[in-house]
Amino acid sequence: MPLTGHFDLMASFYDRIFGPPDPAHLRVLLDLPTPGRLLDVGGGTGRVAQTLHHQVGQVIILDNSAGMLQQAIIKGLAAVQGEVEELPFPDGCFSRILVVDAFHHFRHQSRAAQELLRVLSSQGRLVIEEPNVRRWAVKVVALAEKMALMRSRFSGLKTAIELFKKWGGKVTISKEEGFYFWLVVQKGNY
């Protein structure tokens with residue numbers, strides 16, 4: 001994930017700038033409700049998780065920004081500070097995992113894909129929403145983040161699919177239009 005300073009500085013007003021994606025769309029992609037656990041990776045303030053917490057048995061937000069996680073805790077959400085490349089959870093312990101607008105911030109995307117699949121249960125579902133770098137507006141955002149020294153790496157749809165397939169994921173493109181693309185990933189033995 002990125003240097004935390006940028007997000008620590010934005011934590012108190014982040015939700016006023018960035019709203020969550022359509023909760024109804026997320027419920028369909030994640031196949032909710034479920035009694036299982038949902039991990040919101042790079043979930044920061046909990047802006048997305050707070051719209052889904054009544055649809056699952058438990059929600060845990062993982063982020064490396066203490067400032068962002070403090071906002072999630074204020075909302076009553078469980079928060080863990082950590083890195084996606086070394087998830088502090090046992091194998092197969094999440095039935096749902098969500099990564100919204102965060103994959104491009106992961107330092108080692110291949111290792112992140114491996115770890116996400118490791119903690120996903122055999123019947124689980126991982127949903128990723130990521131800016132589509134093929135769009136001109138996203139290229140501008142990518143340049144702005146580079147200039148802000150955020151170390152973002154917008155890999156694109158094809159690269160994301162290949163990373164998850166490399167580690168045994170079965171990938172479905174849910175949507176590729178406008179600013180974002182959406183992927184649904186399940187373990188290959190599903």
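The values are calculated or read from the model by the stated rules, or taken from the named source; none is laboratory data. This is a predicted model, so every value here is computed, not measured. A quick note on method: Cβ atoms are made from the backbone with ideal geometry, for glycine too, and the neighbour counts reach across all protein chains shown.
A few remarks follow.
- Test: residue in the stretch 49-56 that is under 25 Å from SER174 (Cα atoms), more than 15 Å from the chain's Cα centre (by Cα), surrounded by fewer than 15 Cβ atoms within 10 Å (Cβ to Cβ) and among the β-branched types (Val, Ile, Thr): no
- Residue within the stretch 131-148 that is buried (at least 20 other Cβ atoms within 10 Å of the Cβ), among the aromatic types (Phe, Trp, Tyr) and either at pLDDT below 90 or not in a helix (DSSP H, G or I) (or both) present: no
- Residues (more than 20 Å from ARG27 (Cα to Cα), touching a residue at least 24 places away in the same chain (Cβ under 8 Å) and more than 11 Å from the chain's Cα centre (by Cα)) located in the stretch 89-112: PHE89, PRO90, ASP91, GLY92, ARG107, GLN109, SER110, ARG111
- Some residue of the stretch 36-56 being free of Cβ contacts under 8 Å to residues at least 24 places away in the same chain and over 24 Å from PHE164 (Cα atoms): yes
- In the stretch 36-95, the residues that are more than 19 Å from PHE18 (Cβ to Cβ), touching a Lys or Arg at 6+ places or on another chain (Cβ under 7 Å) and assigned to a helix (DSSP H, G or I): GLN55, GLU85
- Between ALA24, ALA72, ALA79, the distinction of being more than 25 Å from ARG111 (Cα to Cα), without any contact (Cβ under 8 Å) to a residue 40 or more places away in the chain, of a type in the set (Gly, Ala, Ser) and crowded, with 17+ Cβ neighbours inside 10 Å belongs to ALA72 only.
- Residue identified as more than 20 Å from LEU126 (Cβ to Cβ), polar (S, T, N, Q) and modelled with pLDDT of 85 or more among GLN58, GLN70: GLN70
- Selected residue (only one of VAL99, VAL84, VAL127, VAL59 is buried (at least 18 other Cβ atoms within 10 Å of the Cβ), touching a His at 6+ places or on another chain (Cβ under 6 Å) and either of a type in the set (Val, Ile, Thr) or under 22 Å from VAL171 (Cβ atoms) (or both)): VAL59
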